[in-house]
1. Are there strands (runs of 3 or more DSSP E) fully within the stretch 20-123 with at least 3 residues that are modelled with pLDDT of 85 or more and either farther than 30 Å from LEU251 by Cβ or among the small types (Gly, Ala, Ser) (or both)? List them.
2. Note down all Cβ pairs under 7 Å where the first residue falls in the stretch 67-87 and is β-branched (Val, Ile, Thr), the second is assigned to a helix (DSSP H, G or I), and they're at least six residues apart or on different chains.
3. Tell me whether the stretch 194-201 contains one or more residues that are surrounded by 15 or more Cβ atoms within 10 Å (Cβ to Cβ), hydroxyl-bearing (Ser, Thr, Tyr) and farther than 30 Å from THR131 by Cα.
4. Is one or more of the residues making up the stretch 9-17 modelled with pLDDT of 85 or more and outside any loop (DSSP other than H, G, I, E, B)?
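The values are calculated or read from the model by the stated rules, or taken from the named source; none is laboratory data. Worth saying up front: this structure is predicted, and the values here are computed from it rather than measured. Don't worry about glycine lacking a Cβ; one is built from the backbone with ideal geometry, like all the others, and counts go over all protein chains shown.
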Amino acid sequence: MRTQRFAIPAFLLLALLTTLAHPLEISAARLKDIAALKGVRTNQLIAYGLVVGLKGAGDGSGTKFTTQSLVNMLERLGIHALADQVKVENVAAVMVTADLPPFARLGRKTDVLLSSIGDAKSLLGGTLVMTSLKGVDEQTYAVAQGPILVGGFASAGEAGGGVQKNHPTVARIPGGATIEREIPFEFNRLEELVLSLHEPDFTTALRVANVINAKLGDEAARPSDSGTVKIRLPGGENQDLVGLVASLEQLEVNTDRKARVILAERTGTVIIGENVRVSPVAIAHGNLSVEIKEKKDVSQPAPFAERGRTVVTKDSDVSVTEEQRHLLLVEPGASLGDLVSALNAIGVSPRDLITVFQAIKAAGALQAELEII
């Protein structure tokens, strides 16, 4: 006998992250964790390269751009070869990416990431040939070369099947790129510092300015919008700008944020912010469960029947159960803890909270942003 159970509505298992019944105290965060200096940023580099020495695991002969790239490389090395004379089983075309850190100086090393763009089976044991990494301005900022590290493997037999761990067509070279060009940035000659908040908020921006002014002793900092705070510098060649920034980074600021409820229906996750409030609303929620039981019987004809035959018959038993819930009234100004307690009181299961929050928001009673990801 085979039993099938369906639940309406059907949702994934819900993991609910809640807090205590009373609002949490405001917590302080360091300035360096909530904001960044304008101009101090990472730049992305990209290049097309070749990985050699793959022992038959490289691109197939049908990958024309790998063959042409290998021929061009040999031409630059003084070796003339035709495309139909070159085999690329030991070579793979890869896309090489890297990050150029802020204040990167000549000779500094940085990691590179390699990703196969052909039909190579694995990059294990390969070596990246010298590759020039360029920025968006088409200028070369770093040169990468060296043996690669693959965090996986793939093995297969001639008859098919095989074993694979992780992604053998993606690899890294720790410290594989050397910086060859610097991005000009005169940090010590700045006339003002501009802080960009990671989470723009007018209240947080004003608090940041007040904390900085309390530190510097004057009205040096002022917020220009919800995500930007400008700090006026005294100027001069003897100013210790590095020391000033280091001291400002350690300042603690009480951050503020919008009330928000995050729903992830694909994973069944609900995250509720501490500032969520609910207007007076009545909530009733119930589930309709349908249970279907199927079993198979064998029907045989009577003994010595002339036209009878043995057949398999199916028998289905369907039952419907609707859970009864009471109507619950949420009082005005209910907090997060009150809301969770109220939902638990009417027996709402975790998997149904997503539906309940969507219905409360549609009724206009949820004083928070409802974001579905």
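1. 43-52, 91-100, 109-116
2. THR67/ALA83; VAL71/ALA83; VAL86/THR67; VAL86/LEU70; VAL86/VAL71
3. Yes: one or more hits.
4. no
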